[in-house]
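Novice: Structure provided below as structure tokens; questions to follow.
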There are 2 protein chains.
Amino acid sequence: MAAARDTGVDGLLVTHLPDVRYLCGFTGSYAALVLAGGRPVLFTDGRYTAQAKAEAQGTRVVIAKKPAVIAACEWIEAAGVRRCGFDAAHTTVAALETMRKAVSTKVRRGLFVAAGSLVARLREVKDAEEIERMRRGALMGCGLFDHMLTYLEPGLTEVAVAAELEHAARLAGAEAMSFETIVASGERSALPHGRATTAKLPRRGFVTLDFGVMLDGYCSDMTRTVHLGKAMDGEREVYDFVLEAQEAAVAAVAPGVTAGEVDEAARSVLRRAGLDKYFSHSTGHGVGLEIHEGPRIATKQTQVLEQGMVITIEPGVYMPGRFGLRIEDMVLVTGTSGEILTPSVKAWIEL
Amino acid sequence: MAAARDTGVDGLLVTHLPDVRYLCGFTGSYAALVLAGGRPVLFTDGRYTAQAKAEAQGTRVVIAKKPAVIAACEWIEAAGVRRCGFDAAHTTVAALETMRKAVSTKVRRGLFVAAGSLVARLREVKDAEEIERMRRGALMGCGLFDHMLTYLEPGLTEVAVAAELEHAARLAGAEAMSFETIVASGERSALPHGRATTAKLPRRGFVTLDFGVMLDGYCSDMTRTVHLGKAMDGEREVYDFVLEAQEAAVAAVAPGVTAGEVDEAARSVLRRAGLDKYFSHSTGHGVGLEIHEGPRIATKQTQVLEQGMVITIEPGVYMPGRFGLRIEDMVLVTGTSGEILTPSVKAWIEL
């Protein structure tokens, strides 16, 4: 609530589920959490009676018959909250209308105040326990990549590769994949977001694997690009430039540096090589309970990196009709620099 | 646009990705689509240049340097649209603010109008091609269930069961699972949304499998509950009541019937058996490009079922600390009744 009070509100309605989980530990798929001094109050429904009480320690649990957000708003009015913050980035226009209709006309005007993404901001900096969980998830990812090196061969479909990777992830203890596994091979490696298809891995060409696991609720995220057969015209050179760009950005990570400076560290390497026009996305993003969190590591971003942030560094080059590749690590911002959480080999690999 | 014009708007800004896909075929993860008479205009970014042109046939594609929604709003103003509808249920308060700031102050007030979920409403009724895709996805699910019957045995972890199911799904050609696979065994079967954990399947007790695949962009969804070992006290009786409730609701499906009547058909069976207090969720939901779509099959819902809708029918009973079970089919509303798309056996299975 301290962060909330700075914005002039005396209550906070939290409905974005990763924020609810972060604040009170509840992992169910239906919840509204109210912070207004005293114990937080969690509203959910009858499906989650046992789970809410077990998970949301220190939180008052209300099993509502009405929709949770309506029950929460009625409680907020009854508790005498005068200005209740909500997260404009995760509250739909329709939900705000529902919130307003749930309270009496005399308080309706002015009760709910767009308070920005206060919880998202808190979540950007991870504590020791979160970092420990994320280390384990990141290392699980590295283990899966090692396994895939023994599995990849020409003729396998991209889908079969994704299947093997995801099966191994489950057996290693992943709760789920943290996003749809990307397997992009041959000419398809030029698609920055190529889902796995029934295309077959080529005898000669790149295979990009971009994947992550969920472990204890936290996401991992890494990308490696390997080459089947001997390199063809220009492939090795482009790979080396992307790797140089990736390592330059990792080296630029430190508390006090801006996100834009990290992005520029990668982009300037590719610019010198004449490849920046093929680097069509940002350099990275924060990661945690969600696969995409703040900070954005992108051109001109002025946000300053802080100790405890976990970000991805993932420059890539995509040459339509030819080939593409991307190399991505998860990086923890330490007290002095950036620590790679995904230490899998990044040198050129030819299988 | 016909549906939109009825609501008094002369343009529509569509940003919810399943709606974008439905309207123009583009499957990328970043887009804004404008309908304002003439060809639809799709705004996306440089990652999707090739893909947008290939997929969004009949649509003008604009690769924007600015955020797609800002470029779309500038286009809307320049095109002279006077009242542009947006979907209040899928537009955040922050996004609406961004939309308003993207246009000049002289049109800002009144240009954007909450137009309800027009596209979601259209999507509820599937056409022949969509139904064909959904049939194939549903049958793939049935094949996976058959496979799992040969795999399940006491001592396997729930996670290993999920891993096997998801691996088989990938090899069968699924693009992805349509939601996080639920494997809930023994006492955990009493959790309506029990994710797969490292708990081991019991020698005697229920195992609930609730899963679905994505095929050609469409979701399947089915649940079966089987029993390991011989039934214990009350289990068989409860199973039979849930099955009776499920079959009663399927039998109630027909065009012209309300969603609430279908829900009541299931709920009344369980009420007569004294089990309705353990049926803590709604009877079902529409399914399509998203796993949860309209209509909601829930108590007192007055929405009328129409030919071409595809819904789930999934009553369950959950007795905390004892056991639980659920049985779910996908059901197509035909011209006269409901047709089950997931014809896997529902009789008591003892493994």
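Novice: Run the simple label-point estimate for B:R272 and A:A54 please: 7 Å along Cα→C-beta, distance reported in nm.
Specialist: 3.5
Novice: Which residue, B:F241, A:V103, B:H147, has the largest displacement toward the positive end of the dipole of the protein assembly as shown when charges sit on each Cβ (Lys, Arg +1; Asp, Glu -1)?
Specialist: My answer, from the dipole projection, is A:V103.
Novice: Along the principal axes of its C-alpha atoms, what lengths does the protein assembly as shown span, in descending order and rounded to whole Å?
Specialist: So the three principal-axis extents are 76, 61, 55 Å.
Novice: Treat the range A:83-143 as a sphere of radius equal to its Kirkwood radius over Cα pairs and apply Stokes-Einstein at 25 °C in a medium of 0.890 mPa s; give the translational diffusion coefficient in µm²/s, rounded to a whole number.
Specialist: Details: Rh = 14.4 Å.
Result for D is 170 µm²/s.
Novice: A follow-up question, please. Using alpha carbons only, how many degrees (0 to 90, rounded to 10) separate the axis of helix A:259-272 from the longest principal axis of chain A?
Specialist: Between helix and principal axis, roughly 20 degrees.
Novice: Placing +1 at every Lys and Arg Cβ and -1 at every Asp and Glu Cβ, with all other atoms neutral, what dipole size does the range A:2-122 have around its Cα centre, in debye to the nearest 20?
Specialist: Numbers: 16 positive and 9 negative charges, 61 e Å.
That gives the range A:2-122 a dipole magnitude of about 300 debye.
Novice: Under the √(5λ) rule applied to the eigenvalues of the Cα gyration tensor, what semi-axes describe the equivalent ellipsoid of the range B:2-122? Give them in Å, descending. Intermediate results must be reported in sequence, preceding the final value.
Specialist: Working: eigenvalues 86, 53, 34 Å².
Rounded to whole Å, the semi-axes are 21, 16, 13.
Novice: Which three numbers, in whole Å and largest first, are the semi-axes of the equivalent ellipsoid of the range A:1-64 derived from its Cα gyration tensor as √(5λ)?
Specialist: Numbers: eigenvalues 89, 23, 19 Å².
Rounded to whole Å, the semi-axes are 21, 11, 10.
Novice: Using r as the Cβ-Cβ distance of B:D240 and B:L171, and R0 as 45 Å, what FRET efficiency do you calculate, to the nearest 0.05? Walk me through the numbers before you get to the answer.
Specialist: Values: r = 35 Å, r/R0 = 0.77.
After rounding to 0.05, the efficiency reads 0.80.
Novice: How far is helix B:235-252 tilted off the main Cα axis of chain B, in degrees rounded to 10, range 0 to 90?
Specialist: Roughly 40 degrees between the two axes.
Novice: Connecting C-alpha atoms closer than 10 Å in a GNM of chain A, tell me which of A:E55, A:E264, A:E290 has the biggest fluctuation.
Specialist: Comparing A:E55, A:E264, A:E290 in a Gaussian network model of chain A, the most mobile one is A:E55.
Novice: Follow-up. Heavy atoms of the protein only, probe of 1.4 Å, neighbouring chains included. What is the accessible area of A:R83 in Å², nearest 10?
Specialist: 100
Novice: While we're on this one: Taking every residue in A:158-169, how many Cβ atoms of other protein chains lie within 10 Å of its Cβ, on average? Provide the component values of the computation, followed by the final result.
Specialist: Numbers: counts 0, 7, 3, 1, 4, 8, 3, 1, 7, 9, 2, 2.
Average neighbour count from other chains, rounded to a whole number: 4.
Novice: What is the residue of chain B with the smallest Cβ distance to the axis taking B onto A, and what is that distance in whole Å?
Specialist: Closest Cβ on chain B to the axis mapping it onto A, in Å: B:H167, 2.
Novice: In the structure displayed, which of A:K126/B:K101; B:K66/B:K126; B:K277/B:K346; A:K65/B:K230; A:K200/B:K66; B:K53/B:K101 lie more than 31 Å apart, Cα to Cα? Working shown, then result.
Specialist: Working: A:K126/B:K101 33 Å; B:K66/B:K126 35 Å; B:K277/B:K346 23 Å; A:K65/B:K230 37 Å; A:K200/B:K66 36 Å; B:K53/B:K101 29 Å.
From the list (A:K126/B:K101; B:K66/B:K126; B:K277/B:K346; A:K65/B:K230; A:K200/B:K66; B:K53/B:K101), the Cα-Cα distance tops 31 Å for A:K126/B:K101; B:K66/B:K126; A:K65/B:K230; A:K200/B:K66.
Novice: With the dipole of the protein assembly as shown worked out from charges on the C-beta (+1 for Lys and Arg, -1 for Asp and Glu) around the Cα centre, which of B:Q57, B:I182, A:Y218 lies farthest toward the positive end?
Specialist: B:Q57
Novice: Suppose every Lys and Arg Cβ carries +1 and every Asp and Glu Cβ carries -1, with no other charges. What dipole size does the protein assembly as shown come out with about its Cα centre, to the nearest 20 debye?
Specialist: Numbers: 78 positive and 86 negative charges, 415 e Å.
With Lys and Arg at +1 and Asp and Glu at -1, about 2000 debye.
Novice: At 7 Å along the Cα-to-beta-carbon direction for both A:A254 and A:E153, put a label point, then send me their distance in nm to one decimal.
Specialist: If labels sit at A:A254 and A:E153, their model points lie 4.8 nm apart.
Novice: Can I ask one more? Nothing charged except the Cβ atoms of Lys and Arg (+1) and of Asp and Glu (-1): what's the magnitude of the dipole of chain A about its Cα centre? Round to the nearest 20 debye.
Specialist: Details: 39 positive and 43 negative charges, 285 e Å.
Computed about the Cα centre, the dipole is about 1380 debye.
Novice: Report the rotationally averaged projected area of chain A based on its alpha-carbon convex hull, in square nanometres.
Specialist: Numbers: hull surface 75.2 nm².
So the Cα hull casts an average projection of 18.8 nm².
The values are calculated or read from the model by the stated rules, or taken from the named source; none is laboratory data. Every value quoted in this text rests on a predicted model; they were computed, and no experiment measured them. Here the Cβ is made from the backbone with ideal geometry for all residues, glycine too, and neighbour counts use every protein chain on show. SASA here: full protein model, heavy atoms, side chains in, ligands and nucleic acids out. Shrake-Rupley method; radii C 1.70, N 1.55, O 1.52, S 1.80 Å.
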